[in-house]
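In what follows, a structure is listed as structure tokens, so that the remarks can point back to it.
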Amino acid sequence: MNINAFLPLIISIAYLPLLVTVSSIKPWRRQTTLFLVFMLAATLWSLVDYISLSDFFPQADSLLFRLLIVMFVWMAVQFYLFTSSFFPPDKARWQPLAYGALALDLILIVSGYFPQGIEIENGLMHPVFGYTTL
């Protein structure tokens with residue numbers, strides 16, 4: 001097990017009391033719901049990062065790395081949606097672009113175009129980017 005795997009585990013454990021505390025607040029506002037979904041995405045991203053760095057499933061490194069990319073983009077979209085919920089109503093929000101980035105990410109990963117693979121050197125994973133990135 002890699003020592004770098006413990007930080008995502010500690011972070012995901014630290015998020016759990018925050019999730020429970022915020023979910024117990026009543027009544028829920030729109031910002032509360034968006035924050036809970038963001039925290040859920042961040043917790044899942046940390047857990048996938050912990051599993052991928054801990055070498056529990058070395059045969060699934062490529063799958064875990066792709067799942068890690070999807071979880072990160074989902075977390076970034078949820079963070080944008082949460083922060084943009086505080087914008088004034090007359091300001092434009094780019095929700096279709098945020099969900100479009102998530103959809104494009106899912107399409108590229110499921111079709112196998114991004115990333116093309118991973119290399120493992122000295123216990124560290126490195127993505128192999130192909131013609132989809134410049």
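The values are calculated or read from the model by the stated rules, or taken from the named source; none is laboratory data. None of these values were measured; they are calculated from a predicted model. Heads up, the Cβs are rebuilt from the backbone with ideal geometry, glycines too, and the neighbour counts pull from every protein chain shown. Surface areas here come from the heavy atoms of the whole protein model, side chains and all, with no ligands, DNA or RNA. Shrake-Rupley method; radii C 1.70, N 1.55, O 1.52, S 1.80 Å.
With protein chains left intact and a 1.4 Å probe, residues in the chain average 63 Å² of accessible area per residue. Here the chain is assigned +1 on the Cβ of each Lys and Arg and -1 on the Cβ of each Asp and Glu. Its dipole about the Cα centre then comes out at about 760 debye. A simple count of charges around residue 85, restricted to other residues whose Cβ falls under 10 Å of its Cβ and scoring Lys, Arg +1 and Asp, Glu -1, yields +3.
Which option, (i) 56, 34, 17; (ii) 48, 35, 18; (iii) 39, 29, 27, is the value of Cα extents along the principal axes in Å that was calculated from these coordinates? Recomputing Cα extents along the principal axes in Å here gives the entry labelled (ii). With the full set of protein chains in place, find how many percent of the accessible area of the chain is carbon and sulfur; take the probe as 1.4 Å. Carbon and sulfur together cover 73 percent of it. Think of the chain as a dipole: +1 on every Lys or Arg Cβ, -1 on every Asp or Glu Cβ, centred on the Cα centre; then among 39, 10, 63, 39 lies furthest on the positive end.
For the chain, the relative contact order comes to 22 percent (Cα pairs under 8 Å, sequence separation of at least 6).
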